[in-house]
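The structure under discussion appears below in the form of structure tokens.
The values are calculated or read from the model by the stated rules, or taken from the named source; none is laboratory data. Every value quoted in this text rests on a predicted model; they were computed, and no experiment measured them. Cβ placement follows ideal geometry from the backbone for every residue including glycine, while neighbour counts extend to all protein chains displayed. Heavy atoms of the whole protein, side chains included, go into the accessibility calculation; ligands, DNA and RNA do not. Shrake-Rupley method; radii C 1.70, N 1.55, O 1.52, S 1.80 Å.
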Amino acid sequence: MNFLDQFALPQSSGHIQLLEYVMILTMLLLIPYLALLLGSTFFSVLYNKKGRKEKNTTYIKFSKDVIDLVTVNKSSALALGAIPMLSMMFCYSQLMQSSGGSVSGNIFFSFLIYIASVIAIFTFKYSFHLSDIFNLTKLNGERDDSIQSEFDTLKKTTNKVLIKSGSYGLIFLFISVYVFIGSVQFATDSTRWAEGESILSILFSIQTITGFLHFIAISFSITAIGILYVFFKPGGKYSGKENDYTIFARNFALKTAMLFILAQPVLYAVNILLLPKNALNWSYFGIAVFVLFILLVLANLLYFMLKESNVKYRSSTMFLTLIMVTLFIVKDQTAFNTTSQLHTKKLAKEYDLFAQNFKEELGLFKVEVNGEEIYNGRCIACHNFDTKLVGPPYNSVLPKYENNIDGLAEFILNPQKIDPAYPAMPNQGLKPNEARAVAEFIMTTYQSSK
Ligand code: HEC
């Protein structure tokens, strides 16, 4: 998205660091929310379909409970999903500006699809509740055939909307997350930045696929553990009840969590193998090892609960899951910070230059320029006072400038071809005040040695 790059301002190194923290905090809101939303929509749509097909009311009830898990209100979809997405887009456009690579356009695309999916998912949720009302309502009293048939059509339409909106919501959410995760993965590898911003290079990359699978594993495990945590907590929907339905829900949650926790070590290994060398560092490894440890503890806790048919480690598993997700985010962001180090240094330098020019323009401060330093740094390779190097000795060319220091500074600023015996002097890229300072320095040195 090139228009965003035009808004990107040069960033100081302090500012860059701040942006990197903002990105981690933003992801801490976004990733768990997206993971829960995707997981619960997926399970809800799945069990809704299954339930209708097999006429199984347990499945349908479960489907409804699960979709209610995250879709508590619409503002959370905005505060935890949409706004963080836009904020990530903004941060990336600042940090990857003029690097050749850009992900903000793709993140914007993923944002639009996300909005579409949220609308569909909420429609799914509301039509679910509505269809319940239709199913429970019996028209009684004096039957009017036209009312009865209207009622039946409405009931049918609601069911249709319910099925369609669920599937569309799910498909849109999958696409949105896929593009988003792909963009984050793309950003962690600066060797790919040269590919530019083509969405194709994100869609068909192995990093996107593995990153996405990893996200799915996190999403399904956090949803399952969320079901345990929310519904079985004291005072929760299922707490203290031991019937077919709660046993089904508990077993589903424990087994699903277990399965997708166990899948994660493999995905971590693949992820590390695929990461470019310039994004690897020790903290990345350290994090991965720590995550493996947490996954091991989680798997054990789940196993005990499954064996003993209870939910007593409900809170600990939730707590560990949140740490696991946090580390998953920190890992990707450290990789991004490592891979972008060179680029952000360049940005910081550009900023220093920008700030200096800006201040000079405002007359806020004058840079001290030292003619001698410039001479030693820039001229000495080609010039001496009394012998000929690449360029003529100063003692032979300075006399003509003795009363024309402006002319000398002008020449240094913008050298012209003069003596056929020499090649042309290359432009040294000095600023006007620097050219003047070095002109004054060589002139006084020449005059004092006369
Ligand atoms: C890469 C080599 C090179 C560097 C570096 C270089 N010069 Fe030169 N300079 C030359 C050459 C070659 C000429 C002769 C150009 C001609 O006569 O066309 C020259 C000519 C000059 C002249 C004579 C101009 C005249 O009117 O005859 C001055 C004064 C001079 N340089 C100053 C500087 C100063 C000051 C710097 C450092 C900021 C500098 N040069 C850096 C190669 C260099």
Between Tyr245, Tyr268, which is of a type in the set (Ser, Thr, Tyr) and either open to solvent by 80 Å² or more (accessible area, probe 1.4 Å) or in contact with a Ser or Thr (Cβ under 6 Å, 6 or more places away or on another chain) (or both)? Tyr245
Might you check whether a residue that is touching a His at 6+ places or on another chain (Cβ under 8 Å) and buried (at least 16 other Cβ atoms within 10 Å of the Cβ) occurs anywhere in region 226-241? no
Just checking, does region 115-136 include any residue being under 30 Å from Leu347 (Cβ atoms), in contact (Cβ under 8 Å) with a residue 40 or more places away in the chain and crowded, with 22+ Cβ neighbours inside 10 Å? no
Scan region 285-315 for residues that are charged (D, E, K, R) and crowded, with 16+ Cβ neighbours inside 10 Å and report the count. 1
Pairs, please: C-beta under 9 Å, at least 6 apart or cross-chain, first residue assigned by TED's automatic domain parsing to the domain that holds Val184 and in region 69-90, second open to solvent by 20 Å² or more (accessible area, probe 1.4 Å) and part of a loop (DSSP other than H, G, I, E, B)? Met89/Met1
Output yes when any residue across region 384-396 is within 11 Å of the ligand (Cβ to nearest atom), in a helix (DSSP H, G or I), in contact with a Leu (Cβ under 8 Å, 6 or more places away or on another chain) and at pLDDT 90 or above, and no when none is. no
When only residues in region 360-382 that are open to solvent by 90 Å² or more (accessible area, probe 1.4 Å) and in a helix (DSSP H, G or I) count, which is nearest to the ligand (Cβ to nearest atom)? Arg378
Among residues belonging to region 322-364 that are of a type in the set (Phe, Trp, Tyr) and touching a residue at least 40 places away in the same chain (Cβ under 8 Å), point out the one that is farthest from Lys277 (Cα to Cα). Phe354
Return yes when Met318 is in a helix (DSSP H, G or I), crowded, with 20+ Cβ neighbours inside 10 Å and not β-branched (Val, Ile, Thr) and no when it is not. no
Give region 391-430 a look and list any residue that's open to solvent by 30 Å² or more (accessible area, probe 1.4 Å) and either in contact (Cβ under 8 Å) with a residue 40 or more places away in the chain or aromatic (Phe, Trp, Tyr) (or both), or say none. Asn395, Tyr401, Glu402, Phe411, Tyr422, Met425, Gln428
Which one is modelled with the lowest pLDDT among residues in region 405-436 that are part of a loop (DSSP other than H, G, I, E, B) and more than 10 Å from the ligand (Cβ to nearest atom)? Lys431
